[in-house]
Amino acid sequence: VWADLLGTGVDDPEALDAAVRGKLRGEPVEDLRIDFEDGYGTRPDSEEDERALAVGRLLARLVAEGGAPPFLGIRMKSLEAPDRRRGIRTLDIVLTALHEAGPLPPGLLVTLPKVTHPARVAAMAELCEAWEEARGLPHGTLRFEAQIETPSAVLGADGRATPALLIDAARGRLAGLHHGTYDYTAACGVAAHHQAPDHPAADHAKAVMQVAAAGTGVRVADGSSNILPVGDTPAVRAAWRTHARLVERSLARGFHQGWDLHPGQLPTRYAAVFAFFRRGLVRAGERLAARAAREESGVLEEPATARALAGYLLRGVDCGAVPGAEAETACGLTLRELTELAGRLPPS
């Protein structure tokens with residue numbers, strides 16, 4: 001199955017299968033948003049109030065019981081005029097329920113959708129600050145992500161790249177920029193059957209986001225695939241093949257996060273990630289080893305490229321695709337040396 005879905009270069013399909021199954025048993029979800037926006041829709045206030053309280057208490061219980069993913073939160077409604085009151089109200093209910101149950105979890109994040117202008121991000125930062133002050137929490141406790149779903153969130157009317165302005169407007173509270181594939185491509189006039197994460201319009205938006213966020217510590221996440229693995233076996237396999245291709249494509253372009261909408265997409269998410277880091281393990285190790293030994297390798301390794309090679313190996317270790325000892329053997333460097341080379345530690 002994995003060889004069929006992922007193509008050539010899967011060095012050990014049985015080991016890959018075991019790794020994916022282990023990941024699904026031990027930590028199937030790394031980062032969770034419970035959706036109060038498009039996926040939830042517009043409901044009566046009493047119904048959304050009740051559901052928001054239940055979600056806050058559920059998240060608190062998951063944290064208390066040790067069953068919460070490392071990162072969790074909600075996607076609230078936008079701060080555009082029609083949704084602003086309801087979005088703020090739901091956010092307050094969820095955060096209050098979490099706060100009353102104990103300390104807010106360190107991985108708590110809120111996704112702000114349909115950002116159209118830096119003023120919306122500035123308003124969200126003010127909202128977070130006001131909530132912290134009202135609860136007596138340290139400044140900077142609350143952080144959020146902005147979802148890029150409109151052309152104006154990529155390029156402003158004045159010709160400036162909006163993502164850079166969003167990062168500045170957040171005053172240190174912005175954790176990530178997420179691309180909303182379908183709202184964005186629809187706003188660009190792309191026909192529905194051509195809307196996808198690999199459409200050129202989506203690629204342009206993500207490239208602007210990537211450049212704006214580089215070096216800031218703000219993560220950039222790719223959009224989702226709405227081709228779900230449901231139905232009979234051929235339909236599931238076809239959807240899996242599409243999803244695996246999109247995940248690997250995203251990784252190759254430097255996006256190390258992405259949205260998944262359906263539990264059936266988790267197997268191909270992890271299989272594609274693990275395969276991506278295993279495919280390049282030997283060659284990356286050889287290039288680093290040759291550089292360390294000052295040998296000719298056929299590739300002139302710039303210092304920045306060496307950092308990228310070390311970072312690639314470390315990401316493979318971090319995500320579970322490559323055992324640490326195997327990474328060390330591949331390049332002849334210790335994990336600490338790799339960490340220093342990648343710029344994660346100051347030189348010793």
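The values are calculated or read from the model by the stated rules, or taken from the named source; none is laboratory data. Bear in mind the structure is a predicted one, so any value in this text is a computation, not a measurement. When we count neighbours, we look across all protein chains shown, and the Cβ atoms used for this are built from the backbone with ideal geometry, even at glycine. Side chains are part of the model used for accessible areas, which takes the heavy atoms of the whole protein and leaves out ligands, DNA and RNA. Shrake-Rupley method; radii C 1.70, N 1.55, O 1.52, S 1.80 Å.
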State whether the residues of region 3-17 include one that is within 22 Å of the chain's Cα centre (by Cα) and closer than 24 Å to residue 93 by Cα.
-> no
Check region 29-38 and report whether any residue there is open to solvent by less than 50 Å² (accessible area, probe 1.4 Å), farther than 30 Å from residue 317 by Cα and touching a Ser or Thr at 6+ places or on another chain (Cβ under 6 Å).
-> yes
Is it the case that region 168-176 has a residue that's in contact with a Pro (Cβ under 8 Å, 6 or more places away or on another chain), in contact (Cβ under 8 Å) with a residue 60 or more places away in the chain and closer than 30 Å to residue 129 by Cβ?
-> no
What is the residue count in region 161-183 for residues that are assigned to a helix (DSSP H, G or I) and out of contact with any strand residue (DSSP E or B) (no Cβ under 7 Å at 6 or more places or on another chain)?
-> 7
Which ones in region 314-348 are open to solvent by less than 50 Å² (accessible area, probe 1.4 Å), in a loop (DSSP other than H, G, I, E, B) and either closer than 18 Å to residue 292 by Cα or modelled with pLDDT of 95 or more (or both)?
-> 333, 342
All but one of (1) charged (D, E, K, R); (2) touching a residue at least 24 places away in the same chain (Cβ under 8 Å); (3) open to solvent by 20 Å² or more (accessible area, probe 1.4 Å); (4) not in a helix (DSSP H, G or I) hold for residue 89; which doesn't?
-> (4)
For region 130-153, enumerate the residues that are in contact (Cβ under 8 Å) with a residue 12 or more places away in the chain and farther than 30 Å from residue 196 by Cβ.
-> 131, 135, 137, 140, 141, 142
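Residues are listed down the side, and each one gets a yes or a no for (1) free of Cβ contacts under 8 Å to residues at least 60 places away in the same chain; (2) farther than 18 Å from residue 112 by Cβ; (3) out of contact with any Lys or Arg (no Cβ under 9 Å at 6 or more places or on another chain):
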| residue | (1), (2), (3) |
| --- | --- |
| 44 | yes, yes, yes |
| 49 | yes, yes, no |
| 61 | yes, yes, yes |
| 66 | yes, yes, yes |
| 75 | no, no, no |
| 83 | yes, no, no |
Of the residues in region 48-86, how many are open to solvent by 30 Å² or more (accessible area, probe 1.4 Å) and not in a loop (DSSP other than H, G, I, E, B)?
-> 16
